[in-house]
Every structure is written in structure tokens, then in C-alpha cells.
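Trainee: Before anything else, here's the structure in question.
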């Protein structure tokens, strides 16, 4: 049983470009009995992705949601806006390998997908890998600590550089 199945609801958001893929992903989540909150567009009518990305990313940032999924035509726009929120590690994945490693190494908490560039079967494989892979921790904690430090400093000073210790650890 994966971490998401034990706890936490997944929040999912999409724009018009991600509507069809979202429907497939929701069916998959239903099959696995994984609870979700659908905040996305409910049709292929044109909408603006930042509204949907912000709702999901804010929920993850504030701890209302454990993880999120965002889908637009390419996944790029969703990942850009989602990563503006503190504590969000949104990863745009185009392969199963990326889905697995972003969880294992980056402890990503939002998966971004491209509804017009990633096929349904590949997207389902990516989602499965992302859901079922646990964070490795260990040496990856150093990088996540640096990311958290950068977020803190950037919100206070609008500038950040890794410390000299960073280069010794890397």
C-alpha cells in the first residue's frame, strides 16, 4: 500500500488542455480507491491554468492536501506557477522514470502532466510510479534542505546563493 493510500487526499487541477487526461486519471484513482479532490475544469472550454494551479499548489503548501496533480496542454505552465508556492516541489514528468525519480530523490508533492503531449497509457504509468515510489531520504535531504533554505531567503531577501558547505556536500 503506497503512502497516498494510507493518508492524505490528492488534489487535482486541470485546464481545458488537461481535461480529457484528467478524466482517465480520475478513473485510475477510483480503481485504486485513492481519495481526491477535483478542482479542475469540467470541460474542454478554454480557461486559464494559473487559477487551477494556484488552488492545488496552495492546498499542498498549506498542508490541506498531501499531494497534487496538475494537467495542462504541456504541463509547463502548471509547473511554473505551482513552484512559486512555499514548500511545493512540482515536477513535470514525461516518462515513468521521471515519475519514479522525482519522488525518490526530490520528494515531489505535485505531479505535472501534459494532456496534449503525453499519451494516456504513459500518463497512467507515470502516475502509478509517482504514487507508489517512496522518498529515499538520506543524501537527498541535503538538497531538499538547500531548497527550503533558498525559499526562506528568497521570500525575505530576493537573493540566495548556496553556502560554501554546499560545494563540499555536492
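The values are calculated or read from the model by the stated rules, or taken from the named source; none is laboratory data. Only a predicted model underlies this, so the values are computations on that prediction, with no experimental measurement involved. Glycine gets a Cβ as well: all are built from the backbone with ideal geometry, and neighbour counts include every protein chain shown.
Trainee: Looking at segment 119-161 only, could you name the residues that are part of a loop (DSSP other than H, G, I, E, B) and more than 24 Å from residue 33 (Cα to Cα)? Steps first, please.
Mentor: From segment 119-161, those part of a loop (DSSP other than H, G, I, E, B) are 119, 133-139, 158-161; that's our starting set.
Hits for segment 119-161 are 136, 137, 138, 139, 158, 159, 160, 161.
Trainee: Right, here's the next one. Could you go through segment 71-85 and let me know if any residue there is surrounded by fewer than 23 Cβ atoms within 10 Å (Cβ to Cβ), under 24 Å from residue 136 (Cα atoms), touching a residue at least 40 places away in the same chain (Cβ under 8 Å) and in contact with a helix residue (DSSP H, G or I) (Cβ under 7 Å, 6 or more places away or on another chain).
Mentor: Taking segment 71-85 and keeping what is surrounded by fewer than 23 Cβ atoms within 10 Å (Cβ to Cβ), we get 73-74, 76-77, 80-81, 83-85.
Filter once more, so that each one left must be under 24 Å from residue 136 (Cα atoms): 83, 85.
Restricting the remaining residues to those that are touching a residue at least 40 places away in the same chain (Cβ under 8 Å) gives none.
Scanning segment 71-85 turns up no residue that is surrounded by fewer than 23 Cβ atoms within 10 Å (Cβ to Cβ), under 24 Å from residue 136 (Cα atoms), touching a residue at least 40 places away in the same chain (Cβ under 8 Å) and in contact with a helix residue (DSSP H, G or I) (Cβ under 7 Å, 6 or more places away or on another chain).
Trainee: Scan segment 105-123 and tell me whether some residue there is modelled with pLDDT of 85 or more, on the phi > 0 side of the Ramachandran plot and assigned by TED's automatic domain parsing to the domain that holds residue 58.
Mentor: Looking through segment 105-123, at least one residue is modelled with pLDDT of 85 or more, on the phi > 0 side of the Ramachandran plot and assigned by TED's automatic domain parsing to the domain that holds residue 58.
Trainee: Can you tell me which of 77, 63 is on the phi > 0 side of the Ramachandran plot and either in the same structural domain as residue 120 (by TED's automatic domain parsing) or under 11 Å from the mean Cα position of the chain (by Cα) (or both)?
Mentor: Working: 77 fails: on the phi > 0 side of the Ramachandran plot.
The match here is 63.
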